[in-house]
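Working notes, structure below.
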Amino acid sequence: MLYSEVLQTRFQAHRSHAVAEAACEIEKLTGIQSALSACRDFMHKRLCMKSRKMAVIPSKADPDKQHEFLHNKLEPLLEEEKQGKRGSSLLMPYTF
């Protein structure tokens, strides 16, 4: 099995939250140490992974709408994910 296939399988099962974390995992699995920029390029070009940026929460958020969203939409989806009926879309491959 090629390193890229091993890494693809690993990152699909256990997603990294930062490039530094991914670079450390790559070094542990392959013994190859690379700079963060090289790791980022490899993950983007070879593994077809995209970086995700977190959005800012608006300062004037409506607490009632947040409560409604949490209890009526998010918690049922998370419960389905725990039962294995749904994959989680909240986990990103990596963030930088």
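The values are calculated or read from the model by the stated rules, or taken from the named source; none is laboratory data. Here the structure is a predicted model, which is why all the values come from computation and not from measurement. Note that each Cβ is placed from the backbone with ideal geometry, even for glycine, and that neighbours are counted across all protein chains shown. Note: accessible area is taken over every heavy atom of the protein model, side chains too, but ligands, DNA and RNA are not part of it. Shrake-Rupley method; radii C 1.70, N 1.55, O 1.52, S 1.80 Å.
Structure notes:
- Conditions (1) within 11 Å of the chain's Cα centre (by Cα); (2) at pLDDT below 85; (3) in a helix (DSSP H, G or I); number of the one not met by SER88: (3)
- Per the conditions (1) open to solvent by 60 Å² or more (accessible area, probe 1.4 Å); (2) in contact (Cβ under 8 Å) with a residue 60 or more places away in the chain, the sole criterion not satisfied by VAL19 is (1).
- Checking the stated criteria, GLY31 turns out not to satisfy the condition of being at positive phi and at pLDDT below 80.
- Candidates in region 35-86 are the residues that are closer than 21 Å to VAL6 by Cβ and of a type in the set (Lys, Arg); of these, the one that is least open to solvent (accessible area, probe 1.4 Å) is ARG40.
- Looking only at region 43-64, residues that are under 18 Å from the mean Cα position of the chain (by Cα) and either free of Cβ contacts under 8 Å to residues at least 24 places away in the same chain or closer than 14 Å to ARG15 by Cα (or both) come to 11 in all.
- Residues in region 5-34 that are small (Gly, Ala, Ser) and touching a helix residue (DSSP H, G or I) at 6+ places or on another chain (Cβ under 8 Å): SER16, ALA20, ALA22, ALA23, SER34.
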